[in-house]
Amino acid sequence: MYASREDIGYDFGEDSKVGSKPAKRNPNIDGGWAWMIVLSSFLVHILIMGSQMALGILNMEWLEEFNQSRGLTAWVSSLSMGITLIVGPFIGLFISMCGCRMTAIIGGVLNALGWILSAYASSVHYLFLTFGVTAGIGSGMVYLPAVVMVGQYFQKRRALAQGLSTTGTGFGTFLMTALLKYLCSEFGWRNAMFIQGAISLNLCVCGALMRPLPPKDLREKYVVRSDSEENRAKAQSHSTETIKSNGVLGEEPEKKEEAANEEVPVSVQHAEIGGKSGSGRSMYGLRLFKTVSQLTVTVRKGFALWYSSYFGAASLFTNRVFVAFIIWALFAYSSFVIPFIHLPEIVKQYNLSRQDNVFPLTSIIAIVHIFGKVILGIVSDLPCISTWNVFLMANFTLVTCILTLPLMQTYVGLAVVCALIGFSSGYFSLMPVVTEDLVGTKHLANAYGIIICANGISALFGPPFAGWIYDITQKYDFSFYIAGLLYMVGIIFLLIQPCIQMKQPREKPTEEAQV
């Protein structure tokens, strides 16, 4: 649903030294295999974000099956949604050591396993572990690499590529809602989850398509980007840093091999020479020990790179507006997620199931959301329009819709409000731009990772809170009212901070926002 480091070109490290320009450009950057990466990311958004936004269908089935409170049952969906976003920074550790391709394939298997094991659930608490935690972590392990790879393969057309890939969320919500409804009605919810688990194995195929760029091409790409974003004098003052290929430590082969050999105990190398005359069993053990030693070095370097990337930006929290932005994120995303989880049951209570079966309200939100992201992005790019103002207006529209939704008890009224929710929530495409304006390009990746984690926490607690309010009042009205009021508090935090002069032209990425 996010740009989630979309439009950022997120990477796990710093640029290498700025040297001579590459002799020949890799045809796969901004073309060729890069479009297969976009297709892979598009399918990942369909299978992960789309299925998560359709969990309201399964939520009703779980309520009938286990006869638990709505607050407790909603934890299943919220755990899956929240963990997918919260684990993003920690998945970066796997990417820095294993690469995007391997991380995504493992995540696809883990996600499918979570769906399949959930088909045998005997209680809601069982679903917490299998679907909420297992499938949630698997989703995060596929989702982040899908975003990172698009940023690596595109330089000039990155915005277009990320925009195309993220439209998979809207299409996925529409398709998965219809699919889960059909599977639940024809085969029951248990078999539906088993089939969905089999479908989720296609995430492994998406991961296999994430072919890593050669270190040389990735270095050249970052050199060109560095030249366009910073002056060469400043760039040349930086020391030579580690270069990445699909998130793996990708130093030059000679240097990497030398460093690894230096780290391996000298005694191991001497023992290997002496072991040539020994038995095959001793030789095998020696090689295994050397492999483990080199793996330990790689893990240590990957952890150091990951730690410095995410926890080396403490200065961000001295920016009062950024702190207010985090507080806003803690309240905002839950107001968007709650309708997806609880709308199917609200429709059932209002006896509107017949109309909703023709065109589900959640599908209306998803389809209009696609157009909202595109239109709001175009409007915010106009030279006479401030991105910050567009962002705030979209937020005010969304919070108004959340507060108005309980007043609508007809299908037409609910459909209109849901369409406005879908359109105004298109501000997600502006979040990377707003974040960059707040903290500058240098801290963009770290800052946006923090915002995504805050939204994950919001998604984690929002739906259960709404269900808990229903258990007390026997109405969903107060759930939306309280969520809307908390959302308004987050917006107020943004407004009470000093006025921000946002960047006007997008063609000057080197200028940082004046806070």
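Remarks
- Test: ILE57 is within 30 Å of VAL368 (Cβ to Cβ) and either assigned to a helix (DSSP H, G or I) or at pLDDT below 75 (or both): yes
- Screening VAL124 against (1) free of Cβ contacts under 8 Å to residues at least 60 places away in the same chain; (2) closer than 20 Å to GLU65 by Cα leaves a single unmet condition, (1).
- Qualifying residue in the stretch 213-231 (condition: modelled with pLDDT of 70 or more and either outside any loop (DSSP other than H, G, I, E, B) or within 15 Å of VAL38 (Cβ to Cβ) (or both)): yes
- Of all the residues in the stretch 105-125, those that are in contact with a helix residue (DSSP H, G or I) (Cβ under 8 Å, 6 or more places away or on another chain), within 12 Å of VAL76 (Cα to Cα) and either open to solvent by 10 Å² or more (accessible area, probe 1.4 Å) or modelled with pLDDT under 90 (or both) number 1.
- Lone qualifier among VAL374, VAL323 - being open to solvent by 30 Å² or more (accessible area, probe 1.4 Å), within 20 Å of the chain's Cα centre (by Cα), modelled with pLDDT of 80 or more and closer than 23 Å to ILE451 by Cα: VAL374
- Checking SER165, SER122, SER139 one by one, the residue that is over 20 Å from PRO463 (Cβ atoms), of a type in the set (Ser, Thr, Tyr) and in a helix (DSSP H, G or I) is SER165 and no other.
- Test: residue in the stretch 7-25 that is assigned to a helix (DSSP H, G or I), among the small types (Gly, Ala, Ser) and either open to solvent by less than 10 Å² (accessible area, probe 1.4 Å) or modelled with pLDDT of 90 or more (or both): no
- Criterion applied to MET97, MET102 was being open to solvent by 10 Å² or more (accessible area, probe 1.4 Å), in contact with a strand residue (DSSP E or B) (Cβ under 8 Å, 6 or more places away or on another chain) and part of a helix (DSSP H, G or I), and the one residue passing it is MET97.
- In the stretch 447-483, of all residues being open to solvent by less than 10 Å² (accessible area, probe 1.4 Å) and among the β-branched types (Val, Ile, Thr), the one that is farthest from LEU79 (Cα to Cα) corresponds to ILE451.
- Wholly within the stretch 353-410, helices (runs of 4 or more DSSP H) carrying at least 2 residues that are among the aromatic types (Phe, Trp, Tyr) and within 24 Å of LEU486 (Cβ to Cβ): 387-404
The values are calculated or read from the model by the stated rules, or taken from the named source; none is laboratory data. Treat the numbers as computed from the prediction; the structure is a model and nothing was measured. Counting neighbours? That spans all protein chains shown, and the Cβs are built from the backbone with ideal geometry, glycine included. Surface accessibility is based on the protein's heavy atoms, side chains included, excluding ligands, DNA and RNA. Shrake-Rupley method; radii C 1.70, N 1.55, O 1.52, S 1.80 Å.
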